[in-house]
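Right, one structure below, let's go through it.
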Amino acid sequence: MRRFLNSLGFLLTLTLLFPLSIQAAEKPNIVFILIDDMGWTDVGFMGAEYYETPNIDRLAKGGMIFTQAYANAANCAPTRACLLSGQYTPRHGVFTVGNSDRGKSEDRRLIPVKNITEISLNKITIAEALKPAGYVSAAIGKWHVGNTPQKQGFKVGMERVDVGIKNGHFNKKSGEYLTDRLTDEAVNFIKENREKPFFLYLAHHAVHTPIQAKEEITKKFTKKEGVGCHSQAEYAAMIASVDESVAKINHTLDELELSENTILIFFSDNGGHGTYTCQKPLRGGKGMYYEGGIREPMFAYWPKIIKAGTTCNEPIISSDFYPTFLDLAGAEKPENYILDGECIFPLLKGKNAIKREAIFWHFPGYLEAYKGLTDESRDPIFRTRPVSVIRKGDWKLLMFHEEWMLDGGREKITSNNSVELYNLQTDVGESNNLCNIEVKKRNELLDDLLKWQKEIAAPIPTITNSEYIKN
Ligand SMILES: [Ca+2]
């Protein structure tokens, strides 16, 4: 009997100890590759014909393609702040890049909300939240949100200047190309940390302006005929270098036999730059809150978990990555810390189990139009004026604060142009405003949006004195 009890105790000890260690060994690595300003159709797997991304396409087809993956904002810094903090823009105040009062003051009808340019150290970043689960994290490349990555929980933080490239994409002395250099640094990080679970946040500066690419690749595209608005050879060559980078990262994981247990996600921070590319059939590009400015090319590759050749049409948003990574890492949600995203791990496993009803955006500032380029924006002066947006089911509603606040709000909604409503299922190009036709749907989305603004205490632009007197 004693012997039996002894072995029972031994078994208990075994089961208590080993599941933990087995779990630890199985914690997946997370490789998140963030491209800067890459448009929705800038890759082969999203339909690009002129641009060439064979390696990205191969991995996308070996995993799950997301057709409705959104960035939290239409430009760089706010999307990054949401991704890293797990929160919508009103909670951290990073609404835009630099100043929110872009353009000329006489063209702005409201005083925009002052922008915050860094993630506060009070926020718990995804790297900080993964640390207790044994993760080592690296932020390699563009950071753009203030305090250094090292102060925000990343063990390794390496920005462009740290690799000797102050401006542009080339090292002026050695000729080294930034995309290649960041890739090499990422490869080193993977090799050095192969034994631990790691989170690699590789944030390329490509394909952001200045458009600078390697000459021999550019030459190849110069000889190729463009397809529609995809025809800029240097831009295509930048994309080709990104493709090479993704191939190298994947090759390294294969070589180290880490691929099976690593989730690799490919994503972009906002729409493509209107001067160099376009997102057709989507409307608009970087800086606009039409689909072209916020819908991103995305795939997730993880042979052990994600079924190859799958597509997910569920709308997701960049603040979803934080709770997703916590879940797949077996990490706890930080105490007393609000996360605005949803865990998309069930989607990756092929289940349609997201309970969320709606996704929101809030942009209380101004972004000036690109010189000589007004195509598809709402007005010729700005890519966007202050706007709040809700996506619910197939529907999307944009509420423009100038008209809402100064031209009669809800009372005059049928004539003041304050609200646009689109059915993205039938009108992905947002050309047919149904504000005055689908009145019930409009009211439902508008109520939800106003309620959300109130709940999250979204700061609203203020009325200038002159406007106030005029009205
Ligand atoms: Ca960007």
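Computed quantities for the displayed model
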quantity: The chain: relative contact order as a whole-number percent, Cα under 8 Å and 6+ apart; calculated: 23 percent
quantity: Structure-based [θ]222 nm, the chain - -39500 (n - 2.57) summed over DSSP H runs of at least 4, per residue, nearest 500; calculated: -9000 deg cm²/dmol
quantity: Restricting the stretch 353-443 to GluC sites (Glu not before Pro) in coil, as DSSP defines it, with at most 14 other Cβ within 10 Å; calculated: 357
quantity: Size of electric dipole in the stretch 360-470: Cβ of Lys, Arg +1 and of Asp, Glu -1, about Cα centre, debye, nearest 20; calculated: 200 debye
quantity: Area projected by the alpha carbon convex hull of the stretch 322-368, averaged over all directions, nm²; calculated: 5.4 nm²
quantity: Of 249, 347, 262, farthest towards positive along the dipole that unit charges on Lys, Arg, Asp, Glu beta carbons give the stretch 249-390; calculated: 347
quantity: Rg/Rh (Cα only; Kirkwood hydrodynamic radius) as it applies to the stretch 113-181; calculated: 1.07
quantity: For the stretch 346-419: rounded, prolate or oblate by the Cα gyration tensor [a/c cutoff 1.5]; calculated: oblate
quantity: Modelled FRET efficiency - R0 22 Å, residue 357 with residue 443, Cβ distances, 0.05 increments; calculated: 0.90
quantity: Loop-located chymotrypsin sites (Phe, Trp or Tyr not before Pro) in the stretch 130-199 whose Cβ has at most 12 other Cβ within 10 Å (DSSP); calculated: none
quantity: Disulfide-incompatible cysteines by the Cβ rule (no partner under 4.7 Å) in the chain; calculated: 76, 82, 312, 343, 435
quantity: Sequence-separation-based contact order of the stretch 360-470, relative, with Cα cut under 8 Å and 6+ spacing, percent; calculated: 21 percent
quantity: Charge dipole magnitude, Cβ of K and R +1, D and E -1 - the stretch 267-318, Cα centre, debye nearest 20; calculated: 120 debye
quantity: Sparsely packed GluC sites (Glu not before Pro) within the stretch 181-250, loop by DSSP, other Cβ within 10 Å at most 15; calculated: 195, 225
quantity: Calculated from backbone phi, Karplus (6.51, -1.76, 1.60) coupling profile of the stretch 360-368 in Hz, x at Gly/Pro; calculated: 10, 9, 9, 10, x, x, 10, 10, 5
quantity: Using distinct alpha-carbon pairs, which all enter the 1/r mean, Kirkwood radius of the stretch 32-171 in Å; calculated: 17.4 Å
quantity: Relative intensity, log₁₀ I(q)/I(0), of the stretch 360-470 from a Debye sum that treats every alpha carbon as a point, q = 0.18 Å⁻¹; calculated: -0.99
quantity: Per-bin percent of Cα-Cα distances, the stretch 292-335 [5 Å]; calculated: 5, 14, 22, 26, 19, 10, 4, 0
quantity: Convex hull of Cα atoms in the chain, direction-averaged projection (nm²); calculated: 25.8 nm²
quantity: For the stretch 215-265, size of Cβ-based charge dipole, Lys and Arg +1, Asp and Glu -1, in debye; calculated: 360 debye
quantity: Label-to-label distance, nm, for residues given as residue 225 and residue 212 (7 Å Cα→Cβ offset); calculated: 3.3 nm
quantity: Mean shadow area of the stretch 216-282 over all directions, Cα convex hull, nm²; calculated: 6.1 nm²
quantity: Degrees between helix 439-455 axis and first principal axis of the chain (Cα, 0 to 90, nearest 10); calculated: 60 degrees
quantity: Crossing angle, helix 76-85 versus the chain [Cα axis fit, 0-90 degrees, rounded to tens]; calculated: 40 degrees
quantity: Sites residue 414 and residue 379 - FRET efficiency at Förster radius 22 Å, r taken between beta-carbons, to 0.05; calculated: 0.65
quantity: Cα-based helix-to-principal-axis angle, 2-26 vs the chain, degrees rounded to 10; calculated: 40 degrees
quantity: Cut-off 19 Å, label 7 Å out along Cα→Cβ of residue 463, residues of the stretch 409-436 by amide N; calculated: 409-419
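None of the figures in this text is laboratory data; all of them are computed from the coordinates on show. Quick caveat, the model's predicted, so the values are computed rather than measured. Positions of Cβ are backbone-derived with ideal geometry, glycine not excepted, and every protein chain shown enters the neighbour counts.
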